[in-house]
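The values are calculated or read from the model by the stated rules, or taken from the named source; none is laboratory data. Note that the structure is predicted; figures quoted are calculated from it, not measured. When we count neighbours, we look across all protein chains shown, and the Cβ atoms used for this are built from the backbone with ideal geometry, even at glycine.
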């Protein structure tokens, strides 16, 4: 079968591989819609080690074509939503908390596609623990919206959850790329009052406002920290870092009040370091809480996300402002994401077989 | 009246000041037992800015000598326990969470003694919001034990609380000075299984074991991180930083598992910086939570601490291994704490009038 | 001064009383808008014991006319929002959790108006701990919206908070009177997916949908429990009881799934009893959590509520569908609330002096 | 193979059945120690419906004799601890919270033995999801202690966890049978100050004190509620119901303060009803939280329990005050538990093959 792969560091293209087969708890799927994520291009450039001949992609809505002998909930022909994190539910660390890190010491161990096996930019791909990880596409939810739930919405909303937003809180969101935009939407859905989003690109700014941002701060207008502090002459209750670099943590520490919370959903580069003056963290005495992670996986989380979409609480499909038709267009969409034109938010490829 | 003061940076001695008077919600007290804390000597050396002619001391059990017109719960002659943090309860930030930072943007704003007014090493000292901050010394609790509850126990236990210890967790405590020893005791009281304490001094090691440490790690035996990881061939669930420096955070990040928690109760120096490779924090994706703070103030917290002592759950008075008798001995005790001989854990001065 | 009072059980009318004076931490206020609550009429009918010559009313926006000597944040002329619960912040039980019950063993001890002193249907009324309980009416928030924040919104939202709603949950709200309607709005603001509201009156049904209800269930269409269970062929994640009687608890137990949560914000009659077959509560093994309470008091909570209104997250003023002008109209509004015509949601009286 | 079974309601005895075989994720075990629980005798008497020819028993330490093709962590010969609740980890409701109810609408769905398949009083028994449910008996933990961790300790401790005990709280435990005794020990391990246990039998009273009870209340000395309230002239922070009947809930509501917590770990009879005057629950306004459930299942929880035992935090084997040797003695032990002599706490049967 054909797949779009990282061939070596900085090199990508079509590749031919064997169709995956289904182990007893697995399903084999055929994608009907996929989206490209900056993690795919980042990985191709060596951001997660050298990926040689590994098929990329981890956001998909798909059709079941084969199920293992122990799979009871799905059958060929089912249209399913595939969460980007698919935990091995027999791992016991998951019994304490469902997190993409819960398996073991291995970072992000429930993130299988692309890091631990071939991804979804293929004619066929497999999913472990199908019964516990897949969800039928519900009536009343579009393929595009469901596709954006698999990673962007689940990750952005995890930022809002980790930030422990209380009703009426003032929340700052660093970055208004697709994950940051979903963090804004998630902050609104958890009951934030004022939502201050940091970003510049005009179509992202417009969408941030539509998703609930009340204020937009741009580095083009001066120092970010000073601009935020001047808005209410007060610090924020929480911050969500959904973009930027390690310096964003210092900025967050300066604009979040004592007792506040900083949630990170930004993937920092392995070469970066945080350099935080002790004073910024109140000499260790500020009662500020710092958390960071990637979205939890599994079917239940995905069902909750889809329940929000189905009840018109959020419209994540608005992120998809570049649309492609046909499996072969995965290449164009990938190159687009790699080049990142200024108006790109997120591309989708619809596939008919 | 007489008090023992920071006269200028690095200079300390007796000073003569006016006796404080009681505002409507205040009490004026006369100490009957005080202890010296490294924060007192640290402040005298300029650690909290230049303290000129400020009476030091923030750990005391005392006798009420005067109360303001709005104080209803106490009267002259009462023997009371004085928490080191005495919030202004009319400040509204406290309505969300009782923390020593809850007043406003000002760091550690409920820590009044020494930073915001004269401390307890005096013939008389005042306490704001007396009804909400003082507690009668209960029957069955010794003065020494109560004295250790005012800061050491409350702060060490706050570390255990912030670490969010679950029954059977493995917990690492960095530092076994008096606060670290109380963190060990607090970890045991929250239900930790294995408690690994990092420290070297023999009498502290012995006391750490008595308070619940199951393993002692010393830098003298090699790399701290490697020693801890080799104990169970697994990472810990939580770490409490109660000593060391900003590098301890890097060590903590390396020995706490994904999804774990790091609680800091160490006061870092304003000149220090954290330098944390992004990799240590799992590129922001490890689901490790980091919290840091100083003990919450007020009477209710102090009552809970005293309830533990009265029911024989903990014996914090064992920290007091140097004892002085008489108000004038505050000077000797202070110099002792400043010089920190290797066997010093904590000195007490008992005062009779 | 004049006030509208409960004269004896079932008897109400105007009364003449002395103008209150301000203690050192109090403020004396003059109402500019008040609303009548069914608690006011219920109390007049003896629902909270015999109220003789007690001025009623506990929802007000008002002008400060006098402040005590220890009040620093307010001055005569300030227009303030008055939370219906005004805790005595020097009471230490509040240090653990801000709840209207936190003072002591006395139920709802922070609810002062009407139960513990004269209420707001008067030319003047007093507020204890003014600095910690009052909030300036912010720019951009109407008097009507602020008035609805003082009790209806804060109490309805407390139901949503106690229900511990997670993103995408299905929530059932029992009752769509004004508090129930605010519970619906609160459930939406905490991120509920499907919101099933139980009620019948057409204008309340319409408003419930506007506030976020996706489904309306009416007892007129048959058994409530069966109707709800048939909607998704599944139980709900949480229920909020904001109306009905003790039998509502049995219904809630039948429609909430194992591990779910039931939050009560309904004031049950002292003569009622819960009669719950052990089977309904899973023989004690269902992991269903049951909580109940009245809104927390104080200025910070009120600020958070006003922050939501100012940022257009909710429009509680839509509850006010009967409007009166003039202090003397308090009587008409009170009688209206007592008679409860079918189309009444909530009456407001605007007062000019 | 031979097993001790409920033959019909009120009738029990040895039965001959086929040896179970291992499905792909299962293990087949041979018990080396079992204990009888009142749930076993209760079930035999029809307490969980009519059990016809069902082998009883759900507390076991055992030897692995066969594993399914997908089991990786265990092999024949391993000695393992078997939690009484063994969830099907592929069920998605478990992804939100590990609870014995998390599978689906079916009450206590992770409790398989005895209710959903043959139990452990057999020559062989099977365990589903072996990798995720079994734990190797750790070095330094006795068979007897591990046996008591499988249900008694895990359930009693769950009571302490649900009660949300904070450091220094006063906790009341209703009932000092084996589960209640473990609730006492659990309350101590979570940091309770005063622990008031309600019970009468002398050896249980002695063990309650050893496990941490500071006060013992007996119905023989008068009204339980009055006795407790007179101890401190104050209500308790939390209560754990580990015995009694539905009337215990009314008692708990009267001795727990507003804002407190009531945790139930008592299995109520299906024929019982709670009859709770609204006044006891503060007319719904008391901010008291009520929770109830049975211990969570799975390997991780069991590991945490064993970690406590291995580090000498608790000695649950002290519950075992009747000891039997030999598989055939299961009958005697069962009859003993059914007859419940006054001095029986818990019987163990050691088995050698």
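Condition check ((1) outside the structural domain of residue D:73 (by TED's automatic domain parsing); (2) modelled with pLDDT under 95; (3) surrounded by fewer than 18 Cβ atoms within 10 Å (Cβ to Cβ); (4) out of contact with any strand residue (DSSP E or B) (no Cβ under 8 Å at 6 or more places or on another chain)) across all residues:
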residue	(1), (2), (3), (4)
D:98	no, yes, no, yes
D:108	no, yes, no, yes
D:115	no, yes, no, yes
D:142	yes, no, yes, yes
D:149	yes, no, no, no
Would the range B:145-152 turn up any residue that is in contact (Cβ under 8 Å) with a residue 12 or more places away in the chain, more than 16 Å from residue B:296 (Cβ to Cβ), within 14 Å of chain D (Cβ to nearest Cβ) and under 19 Å from the mean Cα position of the chain (by Cα)? yes
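Residues are listed down the side, and each one gets a yes or a no for (1) in a strand (DSSP E or B); (2) closer than 14 Å to residue C:281 by Cα:
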site	(1), (2)
D:249	no, yes
D:274	yes, yes
D:296	no, no
D:300	no, no
Please determine, by comparing only the residues of the range C:225-246 that are at pLDDT 95 or above, in contact with a strand residue (DSSP E or B) (Cβ under 8 Å, 6 or more places away or on another chain) and in a helix (DSSP H, G or I), which one is surrounded by the most Cβ atoms within 10 Å (Cβ to Cβ). C:228
Tally time: how many residues in the range C:192-209 are surrounded by fewer than 21 Cβ atoms within 10 Å (Cβ to Cβ) and in contact with a helix residue (DSSP H, G or I) (Cβ under 7 Å, 6 or more places away or on another chain)? 1
Can you tell me how many residues within the range B:1-43 are farther than 21 Å from residue B:340 by Cα, in contact with a strand residue (DSSP E or B) (Cβ under 9 Å, 6 or more places away or on another chain) and surrounded by fewer than 16 Cβ atoms within 10 Å (Cβ to Cβ)? 4
Checklist (1) under 25 Å from residue D:94 (Cβ atoms); (2) within 17 Å of the chain's Cα centre (by Cα); (3) surrounded by fewer than 20 Cβ atoms within 10 Å (Cβ to Cβ) applied to residue C:263, failing item: (3)
Can you confirm whether residue A:164 is outside the structural domain of residue A:80 (by TED's automatic domain parsing), surrounded by fewer than 24 Cβ atoms within 10 Å (Cβ to Cβ) and either touching a strand residue (DSSP E or B) at 6+ places or on another chain (Cβ under 6 Å) or assigned to a strand (DSSP E or B) (or both)? yes
Which pairs turn up if I take residues in the range A:190-209 that are within 14 Å of chain C (Cβ to nearest Cβ) and look for partners that are modelled with pLDDT under 95 with beta carbon separation below 7 Å, at least 6 apart in sequence or on another chain? A:196/A:231
Within the range C:302-337, residues touching a residue at least 24 places away in the same chain (Cβ under 8 Å), away from chain A (no Cβ under 14 Å) and assigned to a helix (DSSP H, G or I) come out as C:317, C:318, C:319, C:327, C:330, C:331, C:333, C:334, C:336, C:337
Residue among C:329, C:323, C:346, C:340 that is buried (at least 23 other Cβ atoms within 10 Å of the Cβ) and assigned by TED's automatic domain parsing to the domain that holds residue C:7: C:346
Kindly indicate the residue of the range B:210-224 that is without any contact (Cβ under 8 Å) to a residue 60 or more places away in the chain, part of a helix (DSSP H, G or I) and more than 20 Å from residue B:292 (Cβ to Cβ) and also nearest to the chain's Cα centre (by Cα) among those meeting that condition. B:219
Enumerated strands (runs of 3 or more DSSP E) restricted to the range C:1-111, each holding at least 1 residues that are within 14 Å of another protein chain (Cβ to nearest Cβ): C:27-35, C:59-67, C:79-82
Keeping to the range D:285-300, report how many residues are facing chain C (nearest Cβ under 7 Å), surrounded by 24 or more Cβ atoms within 10 Å (Cβ to Cβ) and in contact (Cβ under 8 Å) with a residue 60 or more places away in the chain. 3
If the requirement is being at positive phi, assigned by TED's automatic domain parsing to the domain that holds residue B:7 and either buried (at least 18 other Cβ atoms within 10 Å of the Cβ) or modelled with pLDDT of 95 or more (or both), which of these qualifies: B:57, B:46, B:119? B:57
Filter the range D:270-280 down to residues that are within 23 Å of the chain's Cα centre (by Cα) and at the interface with chain C (Cβ under 7 Å from one of its Cβ atoms) and give me whichever is nearest to residue C:107 (Cα to Cα). D:274
By residue number, the members of the range B:251-269 that are within 17 Å of residue A:288 (Cα to Cα), facing chain A (nearest Cβ under 7 Å) and in contact (Cβ under 8 Å) with a residue 24 or more places away in the chain are B:264, B:266, B:267
So residue D:339 fits all but one of (1) closer than 30 Å to residue D:236 by Cα; (2) over 19 Å from the mean Cα position of the chain (by Cα); what number is the exception? (1)
Kindly indicate which of C:180, C:212 is surrounded by 14 or more Cβ atoms within 10 Å (Cβ to Cβ), more than 14 Å from chain A (Cβ to nearest Cβ), closer than 27 Å to residue C:145 by Cβ and touching a strand residue (DSSP E or B) at 6+ places or on another chain (Cβ under 7 Å). C:180
Does residue B:170 count as in contact with a strand residue (DSSP E or B) (Cβ under 6 Å, 6 or more places away or on another chain), within 13 Å of chain D (Cβ to nearest Cβ) and free of Cβ contacts under 8 Å to residues at least 40 places away in the same chain? no
How many residues are closer than 23 Å to residue A:241 by Cβ and in a helix (DSSP H, G or I) if we restrict to the range B:251-272? 3
